[in-house]
1. For region 117-161, how many residues meet the condition of being out of contact with any strand residue (DSSP E or B) (no Cβ under 9 Å at 6 or more places or on another chain) and over 21 Å from residue 281 (Cβ atoms)?
2. Here is a check on your reading of the model: is residue 151 at pLDDT below 95, of a type in the set (Val, Ile, Thr) and open to solvent by less than 50 Å² (accessible area, probe 1.4 Å)?
3. Would you tally the residues in region 47-80 being free of Cβ contacts under 8 Å to residues at least 40 places away in the same chain, open to solvent by less than 70 Å² (accessible area, probe 1.4 Å) and in contact with a strand residue (DSSP E or B) (Cβ under 9 Å, 6 or more places away or on another chain)?
4. Considering only region 21-41, state which residues are assigned to a loop (DSSP other than H, G, I, E, B) and open to solvent by less than 40 Å² (accessible area, probe 1.4 Å).
5. Take the conditions in a strand (DSSP E or B) and within 30 Å of residue 30 (Cα to Cα) and apply them to residue 92. Does it pass?
6. Taking region 108-147 only, how many residues are farther than 23 Å from residue 293 by Cβ, open to solvent by less than 10 Å² (accessible area, probe 1.4 Å) and either acidic (Asp, Glu) or not in a loop (DSSP other than H, G, I, E, B) (or both)?
7. Find the residue count for region 157-214, including only residues that are open to solvent by 100 Å² or more (accessible area, probe 1.4 Å) and within 17 Å of the chain's Cα centre (by Cα).
8. What residue, among those in region 164-182 that are part of a loop (DSSP other than H, G, I, E, B) and not aliphatic (A, V, I, L, M), is modelled with the lowest pLDDT?
Amino acid sequence: MTTGGESRVFEIVAPPEADGERLDRMLARVIPELSRSRIQALMAEGRVTPPARKAAAGQHYRVSVPPPRPAVPAAEAIPLAVIYEDAHLIIVDKPAGMVVHPAPGHDGGTLVNALLDRCGPALTGVGGVARPGIVHRLDKDTSGLIVAAKTETAHAGLRALFEAHDINRSYLALVEGLPSPAVGWIDAPIGRDPRHRKRMAVVERGRAALTHYRVEEAYGARASCVACQLETGRTHQVRVHMAHIGHVLLGDPLYGRRRHGLPAFPRQALHAARLGFRHPVTGEALLFESPPPADFRELAVMLEGLKFER
């Protein structure tokens, strides 16, 4: 093993008896200080070279372990579009491109870093030090409304609301094609895609997921604006469910591809437009709405032109 600062590098030669064995299993056995799940994560991040699924006898493998990230994210003075705030919680209109909480590859510039700066050190331990205040997530390139807790009481109350599906969450999505019927629901379980590690999919043994949808605007037959209301909150739920019924989100790099004749868009065209719930401390009924951002509106204008094409 060699070290570089606080990073660590393991140089391993696969023994003869490891030939054909799963690489993660072999590495976990010869590097006992790293768990198999940790090695799998390092492999997914490209930190095990050469990449392989199975070990080859005599092959040299290099395992690079990055330095540990701080347990407590740092406060950063990042401007936020605050829709509502009181002593217990805060509602933010998150821009596309902002990650919600620190993760590998995104140690700073996240919503959590901004919240720590705005709300002060009292937020640090709310709900855990790694993701203080966070109750739910929006994907990096999804814009719109997100709520964060400022106290443990609010955090517990909000979590209970989400677990009971007692939250009004509605998204606007610009999708390929025109769903039929124009109003309906998608009741299909979602789990990890067995063929693609970074994707979710409708799978038989997935977690229950229910999305209600309604076509808000049809741009001819090639695209439409759809409102999606979630009964559950699974990872990538809107993206997976709309792709499942054949109407992928425009610009979605993971579940779709650009169709000929449709405008290009640099992200999935998804906006969290409505968020409503009963305040976990005061009991007040709260409902917030956010208009789509400029890039979403500009794309809708381009799609509007499709109505008049022949």
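1. Here the count works out to 3.
2. Yes: the conditions hold for residue 151.
3. Adding up the residues that qualify gives 5.
4. Selection gives 21, 31, 34.
5. No: the conditions fail for residue 92.
6. Here the count works out to 1.
7. 4
8. For region 164-182, the residue satisfying everything is 165.
The values are calculated or read from the model by the stated rules, or taken from the named source; none is laboratory data. Keep in mind it's a predicted model, so treat the numbers as computed, not measured. No Cβ is skipped: glycine too gets one built from the backbone with ideal geometry, and neighbour counts run over all protein chains shown. Areas reflect the complete protein model, heavy atoms only, side chains present, ligands, DNA and RNA absent. Shrake-Rupley method; radii C 1.70, N 1.55, O 1.52, S 1.80 Å.
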